[in-house]
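The values are calculated or read from the model by the stated rules, or taken from the named source; none is laboratory data. Note that the structure is predicted; figures quoted are calculated from it, not measured. Note that each Cβ is placed from the backbone with ideal geometry, even for glycine, and that neighbours are counted across all protein chains shown.
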Amino acid sequence: GGSDAMKRRAGESAAAAVTDGDVVGLGTGSTAAHAIRRLGDRVDAGLDIRGVPTSFASRELAVEEAIPCLDLPEAVGPDARGIDLAIDGADQVATGSEGADNPVSGGALIKGGGAAHAREKLVDAAADRFLVVADPSKESPRLDRSVPVEVLPAGRTAVAAAIREADGEPTLRRAERKDGPVVTDNGNLVLDCAFGAIDAPAALAATLSEIPGVVEHGLFVGLADEVHVGTESGVRIDEA
Ligand code: DER
């Protein structure tokens, strides 16, 4: 992946977009963590915000940074505050040869490397603005990484069969420091599904969403508003 300095520049660039009184979706992963730490500094300096964490990990970090948090139902709903902006990382960002105005390639992401994409998508989609934070290693003309799919444990073999039907190759995500599979914050399993180059992310997203037993997939199509890319020399902000 990219260097930590580039991730930090991206995270701090997005954190700078937060204004007093905002409700901020707090993404998961090492790049979003830089944004959360910078927001912690700004809260120390008097910024008045509420965070909406997207995982156990991002809630832990928000508590460490003394960022007051809301549960999702307090932030989203008819008489709730709403989420002003969400800051979250990505595993891959389609830069698209046709340019950002192409609905297929503009604003198409793969997320889920941290197995947090179910709650991330809830928060990122609910936000008025969704800022992606990344380093250049995440950018690609087309999406071609495996797509993480959170599945009900009982449904893992049925979903795997459906993924194969859809010309994908599913792999149950094994844990590193635990015997057996990764178990998500929601108590589910993750299948990493390889489809090769994904030319029609919206169509694949719809196919995955329809599979019984799928809780959430890591294709985020048309949700991102901006991409803050940390570079060697600074930050590039692209309209998604
Ligand atoms: O799980 C996710 O979608 C995260 O955003 C994650 O994959 C990005 O992680 P990183 O910022 O540590 O690369």
| remark: Checking GLY180, GLY168 in turn, the sole residue that is away from the ligand (no atom under 12 Å from the Cβ), on the phi > 0 side of the Ramachandran plot and not charged (D, E, K, R) turns out to be GLY180
| task | Look at ARG42 and say whether it is in contact (Cβ under 8 Å) with a residue 24 or more places away in the chain, more than 15 Å from the ligand (Cβ to nearest atom) and not in a strand (DSSP E or B). | result | yes
| query | Quick check: anything in region 52-61 more than 16 Å from the ligand (Cβ to nearest atom), of a type in the set (S, T, N, Q), over 11 Å from the mean Cα position of the chain (by Cα) and crowded, with 17+ Cβ neighbours inside 10 Å? | reply | no
| In region 122-150, what residues are over 14 Å from the mean Cα position of the chain (by Cα), away from the ligand (no atom under 11 Å from the Cβ) and within 25 Å of ARG9 (Cβ to Cβ)? | ASP128, PRO136, GLU139, SER140, PRO141, LEU143
| request: List every residue pair whose Cβ atoms sit under 6 Å apart, with the two residues 6 or more apart in sequence or on different chains, where the first one lies in region 110-134 and is closer than 24 Å to ASP199 by Cα and in contact (Cβ under 8 Å) with a residue 60 or more places away in the chain and the second, anywhere, is more than 6 Å from the ligand (Cβ to nearest atom) and among the aromatic types (Phe, Trp, Tyr). | output: LYS111/PHE220; ASP124/PHE130
| task | Among the candidates GLY25, GLY46, GLY96, GLY11, single out the residue that is at pLDDT 95 or above, small (Gly, Ala, Ser) and over 18 Å from the mean Cα position of the chain (by Cα). | result | GLY46
| query | Looking at (1) closer than 28 Å to LEU72 by Cβ; (2) of a type outside the set (Gly, Ala, Ser); (3) under 20 Å from the mean Cα position of the chain (by Cα), which is the only condition ARG156 fails? | reply | (3)
| said: Test of understanding: among GLY155, GLY187, which residue is on the phi > 0 side of the Ramachandran plot, surrounded by fewer than 20 Cβ atoms within 10 Å (Cβ to Cβ), at pLDDT 95 or above and not β-branched (Val, Ile, Thr)? | reply: GLY187
